[in-house]
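Written below as structure tokens is the structure these notes are about.
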Amino acid sequence: MREVNVERDQLLSRLQENRSEHVKCYKESLIGYNKKVAELCEEVLAKVNEEPETEETFKFPQRPISYEESYDEVIQQLEMSSDEIIKPFRVEEFSKYVMNKWGCPISLWLPVAPTLDSCNETRIRSIILRLR
């Protein structure tokens, strides 16, 4: 199935709930992300202090991404729509907005990461191991 028809009021309600959850998760994920970045900076600083001539480099992990503006845009479109049935609603959009499956950047930094997103536990573990 590539497209579905969706009842506007039901969709609007779900999007508003998911937006609230997404914003909360995003803010919480920034705390974990900032903690990890601070740890990485401290590690590099310690190495540089031990060996002043070292050329230590590191990459910052992927920062969490907020989709708040995307939610706001779709919610506003639905609020202004006179259609009772929204059609077609693509499966990709349904997955993101209705099922709240955006990908990993936020869920990596949450204490209960695998339950909030489409990331699986194995992938999360492998990414976290690479960050250590």
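The values are calculated or read from the model by the stated rules, or taken from the named source; none is laboratory data. What you see is a predicted model, and the numbers here were worked out from it, not measured in a lab. All Cβ positions, glycine included, derive from the backbone under ideal geometry; neighbour counts span all protein chains shown.
The table below lists the values:
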| item | result |
| --- | --- |
| Test: residue in region 43-54 that is of a type in the set (Gly, Ala, Ser), part of a helix (DSSP H, G or I) and either touching a residue at least 40 places away in the same chain (Cβ under 8 Å) or closer than 20 Å to GLY103 by Cα (or both) | no |
| Single residue of GLU28, GLU56 found to be more than 30 Å from SER82 (Cβ to Cβ), over 20 Å from the mean Cα position of the chain (by Cα), surrounded by 12 or more Cβ atoms within 10 Å (Cβ to Cβ) and modelled with pLDDT under 90 | GLU56 |
| Residue in region 59-80 that is surrounded by the fewest Cβ atoms within 10 Å (Cβ to Cβ), counting only those that are of a type outside the set (A, V, I, L, M, F, W, C) and not in a helix (DSSP H, G or I) | LYS59 |
| Test set (1) more than 30 Å from GLU3 (Cα to Cα); (2) in contact with a Lys or Arg (Cβ under 9 Å, 6 or more places away or on another chain); (3) part of a loop (DSSP other than H, G, I, E, B); (4) at pLDDT 80 or above - ASP83 fails condition number | (1) |
| VAL23 surrounded by 13 or more Cβ atoms within 10 Å (Cβ to Cβ), in a helix (DSSP H, G or I) and free of Cβ contacts under 8 Å to residues at least 40 places away in the same chain | no |
